[in-house]
Every structure is written in C-alpha cells, then in structure tokens.
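The values are calculated or read from the model by the stated rules, or taken from the named source; none is laboratory data. As the structure is a computational prediction, the values presented were derived from the model and not from experiment. Glycine gets a Cβ as well: all are built from the backbone with ideal geometry, and neighbour counts include every protein chain shown. All accessible areas refer to the heavy atoms of the entire protein, side chains included, with ligands and DNA or RNA removed. Shrake-Rupley method; radii C 1.70, N 1.55, O 1.52, S 1.80 Å.
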Amino acid sequence: MIRIEDLATRPELRGPALQLGFVGGEFLGQGLTAGLASSKRIAARWPEFFLVLLDDEVPVARAAAIPVAFPTAERTELPDHGWDGALVWAAEDHLDGREPTTLVALEAYVAEAARGQGIAAQALVELKNRARRAGLSQLVVPVRPTGKPSLESIVDYLGRGTDPWLRSHERLGAEFRKVAPFAMTVTGTLAQWEEWTGVRLEDGHTVVPGGIAPVLASTEQDLGVYVEPNVWYEHPL
C-alpha cells in the first residue's frame, strides 16, 4: 500500500527521497538553473509540493512541483525553455510577490525496483489534488521523453507515438500543448564534459550517456553544448 507524504509534514524524508537516484546523466545537474532547482531550495520554499511516496515506510518515489503565474499578459504560452523556463518564472514570481495560478511538475522519479506498478501515476494524481486544494487552475508538466534516441529529432520521435512516459501522461488525461525545444541547456568545457560523462568530445555531435540529445562540441572554442527538448502537457483539474 503506497502512502504519500510531503516535506511540510515529514521534512526528514528529504534525504532518503534524494538517495533514490536521478533521471539522466550527472551532467543534467550542471545547467544554469540547477541551483534554483536544488531540492533544498524547493523543499524550503514549497514543501507541500515536494512529495515522497512510501511503501511500508520505505521511500520508493518522489515528486516535486513549483507554482507559477500562468497565463499572464506577458506569459501567453508555456516557455520554449521548458524546465529551465518554469524555474525562472518561479524565481521571478517570488521576487515580484506575484500570486501563482498554475502548478508545474518538475519531476516524478520512481526507484528502479518499484517501476511498473503505477507509482508515478499516483504521484501525478496527488499533485493534481494539491493544485486543486491550493486554488490553482491547472497542472502542467514539461515531460522528458525518456525513450527518445539522441540523434532523432523530437518531431520525428513524437510522430511515432511510442514514448512510454508521454503515453503514461496521456492515459491520465493529460493533453499535449507544445514542444519545449530548449527545455534544458547545459554548457561546459571539453574537460568538464569528459568529467561529467567519461566521453571525450570531438567536433560536431556526440552522444553521451544519460542524454536524449547529442552534445554539440567545438574543439577550437573548447565548448560543448547540450540542448534537450521536452514536451509540455496539461493535466486538466
């Protein structure tokens, strides 16, 4: 029996929840918004939206979301920068004292041994419940298409309709809104990329472990850039 807690009432669960692991490669934690997205900051500011799912008191999954103001006069569409863009919006709203209207789910991570049991769906349903109780109008998610081959375009991949995580959202009633072509961006020197991935980059495109897009590198500029697409879905409340 899965029970869902949050860090507002069970702050001691943060450490065990984070020890479950992370999606993708280590390099995803090196992006410009990684500091904003740190679990410590999100847990401190919005602990009621940081969920931990327990099976017999053992954490098996976590989910985190942030509230933002959307839509507004300036924000008529979900951001092309997806995950990164949502974090910037949340920071802007916090600084400006703007009231949020929408909940953005940043992640729903399930421990490998607990996958295939519908636990991620339970987390998403609970986030929808939390959004309702907070008086928000919608739950949106910049979904990472986890099955996408690195060198395939997002348009071609979506056309196949085979991604398991996207289909999970659709089964819960989520509706496609748009592609976020620059959802996560990570830049680094060639030495940094080798440290993060164990791969020595050459000029052009290189596939790295944990990526769903290639790294574009220039040896002349000593620079590697990873730009990952995600897909915005809305879960009606």
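Points worth noting:
- Calculated [θ] (222 nm, deg cm²/dmol) that DSSP helices of n ≥ 4 give over the chain, each run adding -39,500 (n - 2.57): -8000 deg cm²/dmol
- Placing pseudo-labels 7 Å out from each Cα toward the beta carbon at Asp80 and Asn129 gives an inter-label distance of 3.9 nm.
- Per-residue HN-Hα couplings for region 104-120 [Karplus 6.51, -1.76, 1.60; θ = phi - 60°; Hz; x = Gly/Pro]: 10, 7, 8, 7, 9, 10, 10, 4, 4, 5, 9, 6, x, 10, x, 6, 4
- Residues of region 45-68 with an amide N closer than 14 Å to a point placed 7 Å from the Cα of Ala8 along the Cα-to-Cβ direction: 45-52, 65-67.
- Selection from Leu28, Thr102, Gln122, by position along the positive dipole direction of the chain (Cβ): Gln122
- Most tightly packed first, judged by the mean number of other beta-carbon atoms within 10 Å of their residues, the peptides 109-116, 187-194 read 187-194, 109-116.
- Label-point separation, Arg171 to Thr219 (7 Å along Cα→Cβ), nm: 4.7
- The chain: most fluctuating residue of Val208, Val155, Val68 per GNM, C-alpha cutoff 10 Å: Val155
- Counted residue by residue at 0.36 nm each, then reduced by the alpha carbon distance between them, the extension gain from Asp56 to Leu95 reaches 10.1 nm.
- Percent carbon-and-sulfur accessible area, region 78-206, ignoring ligands, DNA and RNA, probe 1.4 Å: 52
- Per residue, the chain exposes 48 Å² of solvent-accessible protein surface, assessed with a 1.4 angstrom probe and all protein chains in place.
- Gyration tensor (alpha-carbon) shape descriptor, region 111-178, a/c threshold 1.5: oblate
- Cβ-placed point charges (K, R +1; D, E -1), dipole of the chain about Cα centre in debye, nearest 20: 820
- Eigenvalues of the alpha-carbon gyration tensor of the chain, scaled by 5 and square-rooted, set the equivalent ellipsoid semi-axes at 28, 20, 19 angstrom, largest first.
- Residue list for region 63-82, given a label point 7 angstrom along the Cα-to-Cβ vector of Lys178 and an amide N cut-off under 18 Å: 68-82
- Once C-alpha pairs closer than 8 Å and six or more residues apart are averaged by separation and normalised to the residue number of the chain, the relative contact order reads 22 percent.
- Residues whose amide H falls under 5 Å from that of Leu223, counting only those 5 or more places apart or on a different chain, are Leu190, Ser218, with hydrogens built in the peptide plane.
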